Amino acid sequence: MTDAPPLGLTPLINVSGTMTGLGASISSRAVREATAAMMGHFVNMHELQSHASQVIGRLTGAEAGFMTASASAGISLAVAGCMTGMDPGRAEGLPCNPGPRSKVAVQLGHLCHYGAPLSQSVELAGAEIVPAGQSTLCTDHSLRRAMGPEVSSALYVVSHHVVHYGQVPLNRFAEIAREADVPVIVDAASEYDLRGFLADGADLVIYSGHKFLGGPTSGIVAGRRDLVRAAYLQNIGIGRGMKIGKESIAGAIVALEAWETRDHAGIRERERAALDLWSAALEGIDGVTARPVADPTGNPLDRLEVTIDARVLGADASGIACALACRETPIIVRNHEVELGCFQLDPCNLKPGQAEVVASALRELLTNHEALGQLPKDLASARNGGTDGYLSWGDAGE
């Protein structure tokens, strides 16, 4: 049911999603082989990046593209490129000397935390955030006001972490930015749509190569050729610590090419079967309600939202999520909304047989009233966004 990872690491079942803390995704054999094969060769990295640019352009419709260490790195490099242009002296001067146009406009409702503060990705380049609007409402005039003469770019975030109402939509966001001659950067790290954001007016779009694409750890920067080149130039400065290896570029190229031929409909069918199986396992359990919910950013993916009535069940959503994660083979659920009394089950990273293991574990736990009454509440850990794992890492005896 679960094959063990190398190095004696604990096998786990991921029903949380393409999360960095779980290794993001599982790569296909073709991606693994391409990654390994590149390890045995020297290459001219600019030539390899040029090849990547051609593939990125074909899939996204961009004029050019390159690969970097991660989507987070892509944000920093894109922001930096919009500040420095093709001036290598200015690129070397970051982050201490960002120049006169060193601000980035962002809707306040988009200033999220995705494992680190989004604002920090901007500030690493030496730029300063100009928040537009309030967290739950950004008007056109609020965004226009944020587009002052010191603004070199405007950042738009597509994520389940952001506020999903009261925000200026991308096409309108891009129109307002164009009025101020400000390029638009879109953070679309975990999105299926490789073409829509550029079509809606973005100048640069950043994707993760290791989430839905299933490549090695990598970030993809795509868009206007002049801005892509300026962002790539940052590898002589702040990008040096964000560099990507030849092997990751090779694997990410194969992952991109596989996206064109992937059986997306077949994958959706298998995912729906898992949701049906889990729904059936939870049916009839007092205090438990399950329903499929659509992905909040429009990805073609449904998840099963499991709502817990703690007064009836005798345990809350955080305790159940913790208990599943503490099994001999941990089951990691999507727990970022447990304080609302629910968690989600994401089917996109299942290996064969794992859907059945999850269904059995859910039924076994949620019908064991004695065990439920002893579960701890774990709200603080979920709310702290995984920080506890970093604080405890390296303790004596670990």
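Which GluC sites (Glu not before Pro) in region 203-290 sit in a loop by DSSP (not H, G, I, E or B) and have at most 15 other Cβ atoms within 10 Å of their own Cβ?
Numbers: sites: 247, 257, 260, 269, 271, 283; in loops: 283.
Here the sparse-neighbourhood loop sites are 283.
With a cut-off of at most 16 other beta carbons within 10 Å, and DSSP calling the residue loop, which GluC sites (Glu not before Pro) in region 303-338 qualify? Please list them.
Answer by residue number: 328, 337.
Looking at the chain, identify the longest residue range that excludes and avoids all chymotrypsin sites (Phe, Trp or Tyr not before Pro) in DSSP loops having at most 15 other Cβ atoms within 10 Å.
166-392
With +1 assigned to the C-beta of every Lys and Arg and -1 to the C-beta of every Asp and Glu, and no other charges, what is the dipole magnitude of the chain about the Cα centre in debye, to the nearest 20?
Computed charge dipole of the chain: roughly 800 debye.
Roughly how many Å² of residue 161 are accessible to a 1.4 Å probe, to the nearest 10?
So the heavy atoms of residue 161 present about 80 Å² to solvent.
Taking Cα atoms, how many degrees apart are the long axis of helix 170-179 and the longest axis of the chain, rounded to 10 and kept between 0 and 90?
On a 0 to 90 degree scale, this one is about 20.
In nm, give the distance between the simple-model label positions of residue 229 and residue 42, each being 7 Å from the Cα along the Cα-to-Cβ direction.
Rounded to a tenth, the inter-label distance reads 2.8 nm.
Work from the charge dipole of region 101-252 (Cβ charges, +1 for Lys and Arg, -1 for Asp and Glu, about the Cα centre) and give the residue of 209, 141, 164 farthest towards its positive end.
Of 209, 141, 164, it is 209.
Each label point is 7 Å from the Cα along the Cα-to-Cβ direction; what then is the distance between the points at residue 270 and residue 387, in nm?
Output for this residue pair reads 3.8 nm.
For residue 371 and residue 112, calculate 0.36 nm times their separation in residues minus their Cα-Cα distance, and state this gained length in nm to one decimal.
Gain on extension, residue 371 to residue 112, equals 89.6 nm.
Could you derive backbone 3J(HN,Hα) for region 145-161 from the dihedral phi with the Karplus parameters 6.51, -1.76 and 1.60 (θ = phi - 60°), listing whole Hz in sequence and x where the residue is Gly or Pro?
Using θ = phi - 60°, the values come out as 4, 6, 8, x, x, 8, 8, 9, 7, 10, 9, 10, 10, 10, 6, 5, 7 Hz.
If you find the alpha carbon centre of region 280-348 and of region 12-80, how far apart are they in angstrom?
Taking the Cα centre of each part, region 280-348 and region 12-80 sit 31 Å apart.
Count neighbours as other Cβ atoms within 10 Å of each site's Cβ, and list the trypsin sites (Lys or Arg not before Pro) in region 153-255 that are DSSP loop with at most 15 such neighbours.
Details: sites: 172, 178, 195, 211, 224, 225, 229, 240, 243, 246; in loops: 195, 211, 224, 243.
Taking region 153-255 and a limit of 15 other Cβ atoms within 10 Å, the loop trypsin sites (Lys or Arg not before Pro) found are 195, 243.
The values are calculated or read from the model by the stated rules, or taken from the named source; none is laboratory data. This one's a predicted model, so the numbers in the text were calculated from it and none came from an experiment. Positions of Cβ are generated from backbone atoms using ideal geometry, with glycine treated the same way; all protein chains shown enter the neighbour counts. Note: accessible area is taken over every heavy atom of the protein model, side chains too, but ligands, DNA and RNA are not part of it. Shrake-Rupley method; radii C 1.70, N 1.55, O 1.52, S 1.80 Å.
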